[in-house]
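Okay, so here's the structure we're looking at.
Values quoted throughout were computed directly from the atomic coordinates according to the rules given, and no laboratory measurement underlies them. Bear in mind the structure is a predicted one, so any value in this text is a computation, not a measurement. Here the Cβ is made from the backbone with ideal geometry for all residues, glycine too, and neighbour counts use every protein chain on show.
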Amino acid sequence: MRIFLADLGHNQLTLSSDVYPLGIANLVTYVRACGEIREPPEIRIFREPQELKAALDESPPDVLGLSSYSWNHELSRTFARYAKARSPKVLTVTGGPNYPLTPAEQASFLRGMPEIDVATRGPTYESERAFLSLVRRFSQVGHSVEGLHEEAVPGNHWIVRRTGEFVRGAEIDRIRDLDEIPSPYLAGLMDPFFATGYFPMLQISRGCPFSCSFCNSAVPSNNKIYRHSVENVKADLLYLARRIRPEVTLCFADDNFGMYPWDEEVAEFIGYLAERFHWPPYVRTTTGKNKHERIIRVMRKARGVLPMTAAVQSLNPEVLKNIERSNIKLETYAEIQKELKAQGMQAYGELILCLPGETKTSFMKAIHDLLETGVKRVSAHQLMLLHGAPLSTPQSRKRFAFTTRFRVVARNVGDYTGEPVVEVEEMVVATPTFSFADYLECRVFHLLLTIFYYEGNFEEAFELARQHGVKPYDLIVRLQAMRERAPRAFQELIQDFVRESQEELFVTREACVAWAQENFAALASGGAGGNLLSKYSMLGRFYVPHDALDFLQAGIAAALADSPAGARDVPLGTVIEYLRCVLLHAPFAESLAATAAWTTSFDVEAWRREGYAKPLEAYRFADPRTFAATVTPDRNALILSKVATFGEHPAGLGKFTRTMFAQDFRRTLVAAGSPRHVPASVSA
């Protein structure tokens, strides 16, 4: 028996999904280890659509398994049709979290996909046991789809094509010891990906104890935590560290990394690897929603390569009740930020727009309150109605009276078989308490926040303003109010963002698909569509940085003029010129190669290093000094390698900046001698 397993991602514009195919690789090692199949299968795994097409053209398999997520569902369906066209006898199987919760929705979902023979459901979306049962049964019936459909298989669903009957196999138990799944890394399955632009992914724990209704991890069958042994995780990490390029990001698929005792051991080992092998440079994961003392210890042990994702989603008690979520107290959150700052570590806050019961006032207050805790980034995600999430059920939609729209999933279009493929998602854009106008205004605010405040993009300017009585939130509010006075290029950026934020939305899925098909060339080239917040924040940061700095300077100057302390003798121009000198921008090859020099009367670098503990005026040089701005060879190589993998267009920049810190996109100032400070009253 020949089996192809594919976890496909769009790659025509940029890599839409950038991690190793851990899920299907787990299926391979599990089937090989636990098979007891009459005919041991020959299994191949695929990540790239082009490679799967070539293999199907050469010789179709007996079984084609396709991962299904919100970002690749139509791509998987396209390849199921392509395989059936070459060999109608191929058993086409789909699996993954992109699957409805209720039996009625499941039946309707499958009836709309005649090219799919089986949905491997498993418990929640854990598919190893369900897929093994399916392969055994398919072998027993002589590779006959009709024969397979004669008897239900645990963990699997399908529509009997002859009768239209919806068949649901019995639920099966979850795997309690994840070491039952042999490591795909130690088996060598992931070796071919080491030379690619993909990032290695591991999973320590499965399951989530929380019941947040917007998430497809919230179902009861997923609420217990089962894990791999720490020894096995360490073996995988060491295998990677000895083979992988040191600039490659490490990813974990855990829902709540850092919340459990074993995560501390893993983090300590990551810290050892960072010292011994200089890898990983960055860990991308979702950190836990409580046990924050442990998470801080985990971050400390990981030696600065792991930021904390502090997702609160809302600070409105009514909203939290509606989505079945609880948060830590804001005071505790603020204490965590102080501890993280003292340790030199970073944390990211997360909110979701248009949650049921949220208002514009409560949403903006949440951003204000999070910024006041000291968090350096607040992401405002849009509310997607995902298959498998309780909030997406007909009952929830009716209860909360969502106004939804459809749009093309950012970066997820392509033509790989002669059939253009477009992924579509459904999102909430208004509720009875949150109008569409509110939605647009919050989106503009968040765009400005992302351009200017994200991870300290323009940190020194905000710290200067803060020292003179202007808070970050108030400064962004001011910038939004005076956006019509921004430099023309920056004005046009905001106007285009607002226009596209409306034009990307369609009342029906069918209307969205029809528009996408008509405008496919523009979508595939990046000329239309995309993640608009990412796209326009990348434009603001890297394509019009000088206009952005001019606008920021004007906003701070206006705020200082209105503040009780006034704007007299504030060295704002010094800070703005410092940022012009150190910030890298597109095109990066040109920016990295350029030599920059800066003459100043203030030691801005020392002010930064000492955490802005004193006013910048206290860091005046006895005489003006000239600095050269340089980029280390390692940083130069890292940025250029990311550009080569993801591209330098806004979509590509949006992908690879997620795996780097904002400080990585800066030059370093170098001067001869040691700076000497004099009292602030002494003029340069």
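Just a few scattered comments:
- Cut-off 12 Å, label 7 Å out along Cα→Cβ of residue 658, residues of segment 279-301 by amide N: 284-286
- Farthest toward positive dipole pole in the chain [+1 Lys/Arg, -1 Asp/Glu at C-beta], among 593, 640, 125: 125
- Summing Cβ point charges (Lys, Arg +1; Asp, Glu -1) relative to the Cα centre of the chain gives a dipole of roughly 580 debye.
- Net charge dipole size for segment 253-346 [Lys, Arg +1 and Asp, Glu -1 on Cβ; Debye, nearest 20]: 200
- Segment residue 563-residue 365, length gained on full extension (0.36 nm per residue, minus Cα span): 69.1 nm
- Net lengthening on full extension, residue 278/residue 39 (0.36 nm per residue, minus Cα-Cα): 81.6 nm
- When Rg and Dmax are taken over the Cα atoms of segment 340-421, they come to 17.9, 55 Å.
- Positive dipole terminus of the chain, leading residue within 554, 429, 102 (C-beta point charges): 554
- Computed magnitude of the charge dipole of segment 295-440 (debye, nearest 20; Cβ of K, R +1, Cβ of D, E -1): 480
- Here the Karplus relation 6.51 cos²θ - 1.76 cosθ + 1.60, evaluated at θ = phi - 60°, turns the backbone of segment 538-553 into coupling constants of 5, 4, x, 7, 10, 10, 10, x, 6, 5, 4, 5, 4, 5, 4, 4 Hz, with x for every Gly and Pro.
- Values of log10 I(q)/I(0), in the order q = 0.07 Å⁻¹, for the chain under a Debye, Cα-only, solvent-free model: -0.49
- For segment 401-580: relative contact order, % (alpha-carbon pairs under 8 angstrom, 6 or more apart): 30
- Percent breakdown of C-alpha pair distances by 5 Å bin, ordered from the shortest bin, for segment 450-490: 5, 22, 27, 26, 15, 3
- A P(r) calculated from all alpha carbon pairs of segment 525-567, with 10 Å bins opening at zero, reads 26, 32, 23, 14, 4, 0 percent.
- With contacts taken as Cα pairs under 8 Å at a separation of at least 6 residues, the chain carries a relative contact order of 11 percent.
- Note on segment 159-225: dipole from Cβ charges, positive end direction compared against 184, 159, 212; the farthest Cα belongs to 159.
- FRET efficiency, residue 505 to residue 104 (Cβ-Cβ, R0 25 Å, nearest 0.05): 0.35
- P(r), alpha carbons of segment 256-319 - 5 Å bins starting at zero, rounded %: 4, 19, 27, 20, 12, 8, 4, 3, 1, 0
- Inter-part distance, segment 441-477 to segment 200-237, computed on C-alpha centroids, equals 35 Å.
- Given 84/234; 234/655; 291/341, the pairs whose alpha carbons are separated by over 30 Å: 84/234
- The alpha-carbon of residue 321 sits under 18 angstrom from the alpha-carbons of these aspartates and glutamates, leaving out residues fewer than 8 places away in its chain: 350, 358.
- Projecting label points 7 angstrom from Cα along Cα→Cβ for residue 253 and residue 162 puts them 3.6 nm apart.
- Volume in Å³ per residue [convex hull over Cα atoms, computed for segment 1-84]: 87
- Computed lengthening from residue 597 to residue 54, 0.36 nm per intervening residue step minus Cα-Cα distance: 190.3 nm
- The ranking of 73, 143 by Cβ neighbour count inside 10 Å, starting from the fewest, reads 143, 73.
- log₁₀ of I(q)/I(0) at q = 0.08, 0.12, 0.13, 0.20 Å⁻¹ - segment 401-580, Debye sum with one point per alpha carbon: -0.33, -0.66, -0.74, -1.26
- Amide hydrogen neighbours beyond the local backbone of residue 486, cut-off 5 Å, H modeled: none
- Given R0 = 35 Å, the distance between the Cβ atoms of residue 297 and residue 644 translates into a calculated FRET efficiency of 0.40.
- Whole-Hz ³J(HN,Hα) from phi, Karplus 6.51 cos²θ - 1.76 cosθ + 1.60, for segment 289-299, glycine and proline x: 9, 8, 6, 6, 4, 5, 4, 5, 4, 4, 4
- Volume of the convex hull of segment 120-251 (Cα atoms only), normalised per residue: 163 Å³.
- Relative contact order (%) - segment 359-491, alpha-carbon pairs under 8 angstrom, separation at least six: 25
- Debye intensity ratio I(q)/I(0), log10, segment 2-168, q values 0.10, 0.11, 0.13, 0.14 Å⁻¹ (C-alpha model): -0.33, -0.40, -0.57, -0.66
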